[in-house]
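To start, the structure under review is shown below, and the notes come after it.
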């Protein structure tokens, strides 16, 4: 991607498309000879979001990681136009032949049969109900959800079947579905984890350009709590040297919103997330770039990521331990160290087969 003034994509976390590690060929635009043609130069720099139908035949994935609190997940979308510069899910787009950079934010695969496939999965005779995460990879309430409402349709199936659901999001759009979430909460079927990285709108606008503003997330937490929905505030990712100092203020704001449980995760930059985040850091925080990168490495044994179970979410070393101690101290101070209530799968009854599902494409 051309990095000259006028060519920066507006409202995107990534301004680059790093090479796909599975592809032998990588195309690099060379627009120098077209410099006088400003209209042409501006075009490629502002890609629109493209929604691509994904005709998957299954919708629920299984994982065996001891670092995540669920075994099964459901992802109605692939890619995410929230555009978070640090998103750990970016490399998943490379399996589809796309880039983890701008492609991840602008080429969103939509699974129009998500609810029907979910219904089929829950109807299997061998299914023994346990929590299923929405989404586990990309955000189920990203901007595409306003149009396609696939997450909402899946929640309707879950409520009908009395299937426990774990929701993780950073978008206030989740409160749109309070009409489903409230009765699910009454039956002990749902938790919502709201991710909040910073309270600074100026930072969020460039780091998470298409997510909800911090105050909107706090309002959403309050609305969920008032509706009886269990909410966990997730300070994630904590970026050493950039957002770690905000931990006390973030936890205080979440407590004021009525939340009574919190967790955190330390930044990690696996695979192609690394070039995307480092480009973002150099572009948006040039004077802090070297220090922030050095601090990240100090929590990852000199690297920028760690795949070792038990360490990848919290890091290692003196700084990582200090961040953990800071989080735990203020979580206790604000009463955010409580366990989330256990979800109840005993009411599971299996959904009826729905012949009314319509295709979106």
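Laboratory data are not the source of any read-out in this text; all were calculated from the coordinates shown. Keep in mind that this is a model prediction, so the values were computed, not measured. Neighbour counts run over all protein chains shown; Cβ positions are idealised from the backbone, glycine included.
Computed quantities for the displayed model
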read-out: Virtual spin-label span in nm between residue 271 and residue 46, 7 Å along Cα→Cβ; value: 3.3
read-out: All Cα pairs of the chain, percent lying beyond 24 Å; value: 59
read-out: Förster radius 45 Å - calculated FRET efficiency between residue 338 and residue 55, Cβ distance, rounded to 0.05; value: 0.60
read-out: At 0.692 mPa s and 37 °C, Stokes diffusion of the stretch 105-171 via Kirkwood alpha-carbon radius, µm² per second; value: 259
read-out: Rh (Kirkwood; distinct C-alpha pairs) - the stretch 278-338, Å; value: 13.1
read-out: For 280, 127, order by how many other beta-carbon atoms lie within 10 Å, fewest first; value: 127, 280
read-out: Projected area averaged over orientations for the stretch 225-361, convex hull of C-alpha atoms, nm²; value: 13.3
read-out: Tensor-based shape of the stretch 227-271 (alpha-carbon gyration tensor, a/c under 1.5 rounded, otherwise prolate or oblate); value: oblate
read-out: Rh by Kirkwood over Cα pairs, then Stokes-Einstein D for the stretch 174-280 at 1.306 mPa s and 10 °C, µm²/s; value: 108
read-out: Relative contact order (percent, whole number), the stretch 32-333, Cα cutoff 8 Å, 6+ residue spacing; value: 16
read-out: Percentage of interatomic Cα-Cα distances in the stretch 133-236 larger than 24 Å; value: 17
read-out: Packing-based ranking, highest mean first, of 322-330, 249-257, 18-26 given that Cβ atoms within 10 Å are counted; value: 249-257, 322-330, 18-26
read-out: Sorted by Cβ density within 10 Å, fewest first, the residues 92, 197; value: 92, 197
read-out: By average C-beta atoms within 10 angstrom, highest first, the peptides 75-82, 292-299; value: 75-82, 292-299
read-out: Hypothetical label at residue 328: residues of the stretch 285-319 whose amide nitrogen lies under 20 Å (7 Å Cα-Cβ projection); value: 299-301, 309-319
read-out: Relative contact order %, the stretch 34-185, counting alpha carbon pairs below 8 Å whose residues are six or more apart; value: 25
